[in-house]
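Asks: The structure under discussion is supplied below as structure tokens; questions concerning it will follow.
The values are calculated or read from the model by the stated rules, or taken from the named source; none is laboratory data. Fair warning: this is a prediction, and the values are worked out from it, not measured in the lab. Positions of Cβ are generated from backbone atoms using ideal geometry, with glycine treated the same way; all protein chains shown enter the neighbour counts. To get the accessible areas, we keep the full protein, side chains included, count just its heavy atoms, and leave off ligands, DNA and RNA. Shrake-Rupley method; radii C 1.70, N 1.55, O 1.52, S 1.80 Å.
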Amino acid sequence: MRPVDILDRSKEKRVLIRLKNGAEITGILKAFDLHLNLWLEEAEERKEEKTVRLGSVFVRGDTVVFVSPE
Amino acid sequence: MRPVDILDRSKEKRVLIRLKNGAEITGILKAFDLHLNLWLEEAEERKEEKTVRLGSVFVRGDTVVFVSPE
Amino acid sequence: MRPVDILDRSKEKRVLIRLKNGAEITGILKAFDLHLNLWLEEAEERKEEKTVRLGSVFVRGDTVVFVSPE
Amino acid sequence: MRPVDILDRSKEKRVLIRLKNGAEITGILKAFDLHLNLWLEEAEERKEEKTVRLGSVFVRGDTVVFVSPE
Amino acid sequence: MRPVDILDRSKEKRVLIRLKNGAEITGILKAFDLHLNLWLEEAEERKEEKTVRLGSVFVRGDTVVFVSPE
Amino acid sequence: MRPVDILDRSKEKRVLIRLKNGAEITGILKAFDLHLNLWLEEAEERKEEKTVRLGSVFVRGDTVVFVSPE
Amino acid sequence: MRPVDILDRSKEKRVLIRLKNGAEITGILKAFDLHLNLWLEEAEERKEEKTVRLGSVFVRGDTVVFVSPE
């Protein structure tokens, strides 16, 4: 069992991502790679009180704190 | 399917880029490389209330939080 | 004896993780890898006064300050 | 087409560089390397309200956010 | 003589560790590796006015500023 | 022509170095290496209103923003 | 001549070390390695108004801004 197994199981499911800059992104996980770069669909960014609809988004792996399936 | 596929599909389209320093850049994505360095045309930087017209711009990959096609 | 031995012994036990952003995550350690990426179950994040239930979570190794079995 | 092509085309032209510390440097781009280290001539640094004339300057690549030809 | 020799001599002794986030950890040094990851027993974290008893702890090497035997 | 050529030409001359922590160091450049580590003589550090005479100093390359011959 | 030569010459002498977190450490330089990890004896840490006697200390190289023989 490896930590990335939890990402494999989360494919096509909605995940919550906490970023190093304090923002949160939620979306449907479509793909990830070894750097933990992520591709999400139907994504939204929440930071403080603000929500931004992103739709498709590529998130750079080195900005990620954690990924949690909802 | 890999996360960078979403960048491939976004070529010649307008993308929104969030940077680690909190700024946003939008522009037409012309090219990217493995470090996620990006080349944009017709680019603008927005930070807090200020907008700066950049035209052509090379964005260093390690400053990127996410890239989202508009 | 190597430092990671303490992680090996902590598998299937509850651990406290301090993150670089000041938050704390607790959960049952299921797996870790060489980058110190962690997979936790029954996880909770605490930051300042706020607690967020995460359930399953993948924590990126480079955001970790320390891991301590409870 | 690669992102660095835009730097190649900008040689001997004035470029605007935004740095991670929030400062801006403008100058004539003379050379760059794979780390994105830059050599500028007739350079100026602007930070908040202050302008400093630098003349020749070597800028370390890992401090760069973006480079834009003027 | 190499700098890590001082860590070798500190095994099974109480050490003071200053972390990049400003916190201090003290504990009995059990093991360290080439990344400067540390395993401590009977450890305590002190940050500002707060003390947290950790017992066993794995400290990630890249968060360490210095290690000093007491 | 490479960016480090400007450092080669600056040997035995006074250079201004801006650091990531906002400080400035000036001194006579004696040597540099591929990591951009620098050896200066007759060096001074200026930060906010304070000036510290350093004499000889080894500056770690990864703290450098730019180097400019005076 | 290489920048590390200045460290070689500083062995067994008192050096001043500025750290990225703003603290200063002084001590007798006993050893250093390629990562710029340092071993000091009779060391003291000064940060703002506070001085802490450390005695022997291992300083992690990536926290160093500069090293200057006194």
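Asks: Whose amide H sits under 5 Å from the amide H of A:His35, counting only residues 5 or more places off or on another chain, with H placed in the peptide plane?
Replies: none
Asks: While we're looking at this one, here's another question. Probe 1.4 Å, all protein chains in place: accessible area of E:Lys11 in Å², nearest 10?
Replies: Taking all protein chains as shown, E:Lys11 has close to 80 Å².
Asks: On to the next question. Which links in D:Lys50/E:Lys20; D:Lys20/D:Lys50; B:Lys30/F:Lys20; A:Lys47/C:Lys47; C:Lys47/G:Lys50; B:Lys47/D:Lys47 stretch past 23 Å when you go from one Cα to the other?
Replies: From D:Lys50/E:Lys20; D:Lys20/D:Lys50; B:Lys30/F:Lys20; A:Lys47/C:Lys47; C:Lys47/G:Lys50; B:Lys47/D:Lys47, over 23 Å: D:Lys50/E:Lys20; B:Lys30/F:Lys20; C:Lys47/G:Lys50.
Asks: Between B and F, which B residue has the Cβ nearest their rotation axis, distance in Å?
Replies: Nearest Cβ to that rotation axis, in whole Å: B:Asp62, 8.
Asks: Then there's this: Suppose each label sits 7 Å from its Cα in the direction of the beta carbon; what would the C:Glu49-B:Glu41 distance come out to in nanometres?
Replies: Placing both labels 7 Å beyond Cα along the Cβ direction yields 5.3 nm.
Asks: Any idea how far the Cα center of the range F:1-24 sits from the one of chain E, in Å?
Replies: 36 Å
Asks: Once every DSSP H run of n ≥ 4 in chain G is given -39500 (n - 2.57) and the sum is divided by its residues, what mean residue ellipticity at 222 nm do you get, rounded to the nearest 500 deg cm²/dmol?
Replies: Numbers: 1 runs with 5 residues, N = 70.
Per the formula, -1500 deg cm²/dmol.
Asks: Note down the magnitude of the dipole of chain E about its Cα centre, charges +1 on Lys and Arg C-beta and -1 on Asp and Glu C-beta and zero elsewhere, to the nearest 20 debye.
Replies: Rounded to the nearest 20 debye, it is 80 debye.
Asks: Specify whether the C-alpha gyration tensor of the protein assembly as shown places it in the rounded, prolate or oblate class, a ≥ b ≥ c being the square roots of the eigenvalues: rounded for a/c under 1.5, otherwise prolate if a/b is larger than b/c and oblate if not.
Replies: Oblate is the answer for the protein assembly as shown, as a/c is 1.5 or above yet b/c matches or exceeds a/b.
Asks: Could you name the aspartates and glutamates in cross-link range of G:Lys13, using Cα to Cα under 15 Å and dropping any fewer than eight places away on the same chain?
Replies: List returned: G:Asp5, G:Glu41, G:Glu42, G:Glu44, G:Glu70.
Asks: Another one. When the solvent-accessible surface of protein heavy atoms is calculated with a 1.4 angstrom probe, in what order do C:Leu16, C:Leu29 fall, highest first?
Replies: C:Leu16, C:Leu29
Asks: Go through the range B:13-28 residue by residue and turn each phi into a ³J(HN,Hα) via Karplus (6.51, -1.76, 1.60, θ = phi - 60°); whole Hz please, and just put x for glycine and proline.
Replies: Taking θ as phi minus 60°, the curve returns 10, 7, 10, 9, 10, 9, 9, 4, 7, x, 6, 10, 10, 10, x, 7 Hz for the range B:13-28.
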